[in-house]
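Enquirer: Let me begin by handing over the structure; questions about it come next.
The values are calculated or read from the model by the stated rules, or taken from the named source; none is laboratory data. All values derive from a computational prediction rather than experimental measurement. Cβ sites come from the backbone with ideal geometry, for glycine too, and all protein chains shown count toward neighbours.
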Amino acid sequence: MQVMPGRANGQWISPAIPTIANCILAALWGFSAFGGWSDDAFCGQAGAHDADCGDAVTRYVWLSAPAAFVGAAISLMSWLLPGVRHRPDVLDRNLTIAVGFWVFAEAVMFIGGYLAKP
């Protein structure tokens, strides 16, 4: 087995996989936060919409925003900084950490919406 340069354990996983995961989670968070998906899912639609629930869901969206922005910043900076991009172990680590922030942001929004649900 040939060892990949820059990899501590010699295994190689394409950085496209965590990058795609970051993009999908970012899109999911964006549609849930700004596209109204979380509001519709937890508070109803049109005539059945609960305004108090909508306000609570909006608060949880804003609570999840810092984690989402950190996840976005880590993933973007990992690709933009040559010192990170050219070091596969560091790139993998950073992209995985960014996925964790996205998952945390989604969890805050989901749990908050569940708690706000009438």
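Enquirer: Residues in segment 67-113 that are within 17 Å of A27 (Cβ to Cβ) and acidic (D, E): how many?
Expert: The total comes to 1.
Enquirer: Looking only at residues that are in contact with a helix residue (DSSP H, G or I) (Cβ under 9 Å, 6 or more places away or on another chain) and of a type in the set (S, T, N, Q) in segment 10-31, which one is modelled with the highest pLDDT?
Expert: Ranking the qualifying residues of segment 10-31, first place goes to N22.
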